[in-house]
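First the structure, in the form of structure tokens, and then the observations on it.
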Amino acid sequence: MNSRPKSPVTRASPRGVPKVLQRIRWPEEDNKIPREIFTDPDLFRAEMDAVFTGPVWVLVGHESEIPQPGDFKTLSIGAIPVIVIRGANGRVGVLVNACAHRGTRLVEGPSGNVLRGGFRCIYHMWTYDTEGRLIAVSLPDDFPAEFRKEDYGLPRARVETYKGAIFATFNDEVPPLLDYLAELTGGLDRVLGDGALRYLGSIKVIFRTNWKLYVENIYDGYHVTALHTGFQVVRLRSHGGERLVPNYERNGHLWGRSKSTPVNELTPALRDMSLFDTRTKPTTDHNMMVVFPSGVVTDYFDTIQLRYVVPLEPARTQIEFAFFGRTTDTEEALWHRVRQGPEVLGPAGAITLEDAAALERVQLSATARGENVVLKGTAKRFPPYRHVDEAPIRHFYHAYRRLLGFPLNGGTGGARGTR
Amino acid sequence: MALAGRVDLGERRQAALDLLTQYIRIVDDPRRIEEWPALFSDDAEYIVITRENHERNLPIAVIRDDSKDRIADRLTIIREFWGAGGRAADRHYNDAWPRHVVGPVWVEFNESGDALVGANFVVYQSVQVDVAPRLLAVGEYQDVVEFSGATAKFKSKKVILDTSVLQDVFVYPL
């Protein structure tokens, strides 16, 4: 029985805004966003604590990516490198990817299996098992008398899963995952089904933009017809859609849902129109969701996709696009998903290029001072919004401002600044 | 020298090398993208995949154009969806001039007389807004070239990316 490992970070629940951030002035209107929040390096560091180790659940993977005991994948939660691993006991854990001794990264690569031998640090050969317990050190003579291996396990995040989607948090104050998700579970159920998914592979790409710009683009329905003109070439439309913000008073989740034009009604501008075909569902209903702050879950056409967002720098963000089928799929259905997914919703696919281009340009001009303004759909204060609205972006920033301690009604939050 | 009924591997080797050179010249000139599909045979495939997925046998590829139709559709996407080749104001991406550096190249033959062509490659993108060119990708080509008489075409072009993370998005084929 190992003692509870030390948390690697101090819990971030700021009372008031740190002095260094008091220069950021938020307008009174909540549909205005100061551009400097996309470029300020001090703010970026503060976000890695206040948001990503704040009272949130961060989407880090799906159980089907690590099916066997010892399987692991790596990514970062904010700035903290972690290992998402299926332990020898079959349970999923999230371990900090840093040796408890002198901080060496334990695994370099994106994935692997360590059932035999566990994690062995290359520097001084400290060895951990799949639960992160320290099981061996080299040359332990002349260690302090009070040294006990039990005190040097790898810090573990709290982990909960929903329909196989793996969420992690470093925060003790966040409510249980089901409470946090609230009505978003309705949309997650539609995409994840009973959770019995089959992992098909991932593609990762760097976007030259701030992580918040990447995420707010998903809340934005306004840009879809303007930017993704490919849809117009085939006359693909969304209809009967809406954008919800489940639990909006406490969170900034997004649930966008809609129907697409069936493929046989589209203009056949491509020779292979299976790109836009829905065969594995009875209707063309689709869902695009963000589990605040950064977990994307979507099911356009026959593509089931999760995305994991890793902020690297104020102007660089890594997005992992993970693709899935269902364990009940025929070989044909699976192969259809493999051919469709990256082509419609992958980084080299039809629409991602356009988002990347627009977001890079927003980032490039973010040093121009001033504010970005959210307009379409903002006459309404509360969801549901129309599918073409950008108003849901406000709710993302409400939740964000709460976490950072920024005032919700304008100003700098610096009147009684602490620290 | 081609002997009746016999295949001259020396000629085929040169034809395969020429095809690869032609490929590079076309993908490095955005104005020539129309010529790209004709480099492929009628039952060709063009696949871009990370080494990680390739070696783990994970089917998700960055690009999986597994038919001549998909290869032709790529051209439609580049032109019609993204607005390449049209007015700058109509383009929905940030203009970049690609540049491949390829080599060495090695050629073997299979029992059917197809050329198995391998090469190291690096692709840069020169973007107007940056001072220095951007490194987009590095990896290995694993290609199969088939011959119809003297004409060489790609039956399979596989682009294996060394990194699991794409450094950027891109318009033109790698």
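The values are calculated or read from the model by the stated rules, or taken from the named source; none is laboratory data. Only a predicted model underlies this, so the values are computations on that prediction, with no experimental measurement involved. Glycine gets a Cβ as well: all are built from the backbone with ideal geometry, and neighbour counts include every protein chain shown.
List of remarks:
- Scope the range B:46-72; condition touching a helix residue (DSSP H, G or I) at 6+ places or on another chain (Cβ under 8 Å) and of a type in the set (D, E); matching residues: B:D65, B:D66
- For the range B:77-88, the set of residues classified as facing chain A (nearest Cβ under 9 Å) and either in a helix (DSSP H, G or I) or surrounded by fewer than 18 Cβ atoms within 10 Å (Cβ to Cβ) (or both) consists of B:I77, B:E80, B:F81, listed by residue number.
- Scope the range B:148-167; condition surrounded by 20 or more Cβ atoms within 10 Å (Cβ to Cβ) and over 14 Å from the mean Cα position of the chain (by Cα); matching residues: B:A152, B:L166
- A single entry from B:R91, B:R74 fulfils the requirement of being touching a Pro at 6+ places or on another chain (Cβ under 9 Å) and within 14 Å of chain A (Cβ to nearest Cβ): B:R74.
- Scanning the range A:209-227 for residues being assigned to a loop (DSSP other than H, G, I, E, B) and either free of Cβ contacts under 8 Å to residues at least 12 places away in the same chain or surrounded by 20 or more Cβ atoms within 10 Å (Cβ to Cβ) (or both) gives a total of 4.
- Any hit, the range A:62-73, residues being surrounded by 20 or more Cβ atoms within 10 Å (Cβ to Cβ), in a loop (DSSP other than H, G, I, E, B), at pLDDT 95 or above and among the β-branched types (V, I, T): yes
- Filter result for A:V84 (on the phi < 0 side of the Ramachandran plot and either touching a strand residue (DSSP E or B) at 6+ places or on another chain (Cβ under 6 Å) or in a helix (DSSP H, G or I) (or both)): yes
- Condition met for B:Q142 (assigned to a strand (DSSP E or B) and surrounded by fewer than 19 Cβ atoms within 10 Å (Cβ to Cβ)): yes
- Flag: B:N110 does not match the condition of being surrounded by 14 or more Cβ atoms within 10 Å (Cβ to Cβ) and more than 14 Å from chain A (Cβ to nearest Cβ).
- Any hit, the range B:146-155, residues being small (G, A, S), within 14 Å of chain A (Cβ to nearest Cβ) and free of Cβ contacts under 8 Å to residues at least 12 places away in the same chain: no
- Test for A:R257: is it touching a helix residue (DSSP H, G or I) at 6+ places or on another chain (Cβ under 9 Å) and without any contact (Cβ under 8 Å) to a residue 60 or more places away in the chain: no
- Output for the range A:88-105, where each listed residue is touching a Pro at 6+ places or on another chain (Cβ under 9 Å) and either closer than 25 Å to B:T50 by Cα or surrounded by fewer than 19 Cβ atoms within 10 Å (Cβ to Cβ) (or both): A:A88, A:N89, A:G90, A:N97, A:R105
- Number of positions in the range A:369-404 that are over 17 Å from A:M289 (Cβ atoms) and within 22 Å of the chain's Cα centre (by Cα): 8
- Extreme residue, nearest to the other protein chains (Cβ to nearest Cβ), among residues of the range A:237-249 that are touching a Leu at 6+ places or on another chain (Cβ under 8 Å) and either assigned to a helix (DSSP H, G or I) or modelled with pLDDT of 90 or more (or both): A:R243
- Residue within the range A:348-361 that is acidic (D, E) and more than 10 Å from chain B (Cβ to nearest Cβ) present: no
- Among the strands (runs of 3 or more DSSP E) confined to the range A:87-192, the ones with at least 1 residues that are touching a residue at least 60 places away in the same chain (Cβ under 8 Å) are located at A:92-96, A:156-162, A:165-169.
- One residue alone among A:T298, A:T303, A:T317 is buried (at least 22 other Cβ atoms within 10 Å of the Cβ) and under 17 Å from the mean Cα position of the chain (by Cα), and that residue is A:T317.
- Residue satisfying all of: in the range B:58-71; free of Cβ contacts under 8 Å to residues at least 60 places away in the same chain and not in a helix (DSSP H, G or I); farthest from the other protein chains (Cβ to nearest Cβ) among these: B:D65
- Boolean, B:E45 is surrounded by fewer than 14 Cβ atoms within 10 Å (Cβ to Cβ), within 14 Å of chain A (Cβ to nearest Cβ) and either farther than 28 Å from A:A357 by Cα or at pLDDT 95 or above (or both): no
- Whichever residue in the range A:349-365 is touching a residue at least 60 places away in the same chain (Cβ under 8 Å) and touching a Pro at 6+ places or on another chain (Cβ under 9 Å) and, among such residues, is surrounded by the fewest Cβ atoms within 10 Å (Cβ to Cβ): A:Q363
- Some residue of the range A:367-375 being part of a helix (DSSP H, G or I), closer than 24 Å to A:I203 by Cα and within 14 Å of chain B (Cβ to nearest Cβ): no
- Exactly one residue out of A:H395, A:H336, A:H387 is touching a strand residue (DSSP E or B) at 6+ places or on another chain (Cβ under 7 Å) and more than 10 Å from every other protein chain (Cβ to nearest Cβ), and it is A:H387.
- Residue match in the range A:320-332 (condition: within 16 Å of B:Q167 (Cα to Cα), assigned to a strand (DSSP E or B), modelled with pLDDT of 95 or more and of a type outside the set (K, R)): yes
- Qualifying positions in the range A:170-183 - buried (at least 24 other Cβ atoms within 10 Å of the Cβ) and touching a strand residue (DSSP E or B) at 6+ places or on another chain (Cβ under 6 Å): A:F170
- The requirement of being within 11 Å of chain B (Cβ to nearest Cβ), over 26 Å from A:F170 (Cβ atoms), outside any loop (DSSP other than H, G, I, E, B) and touching a residue at least 60 places away in the same chain (Cβ under 8 Å) is fulfilled nowhere in the range A:298-313; no residue meets it.
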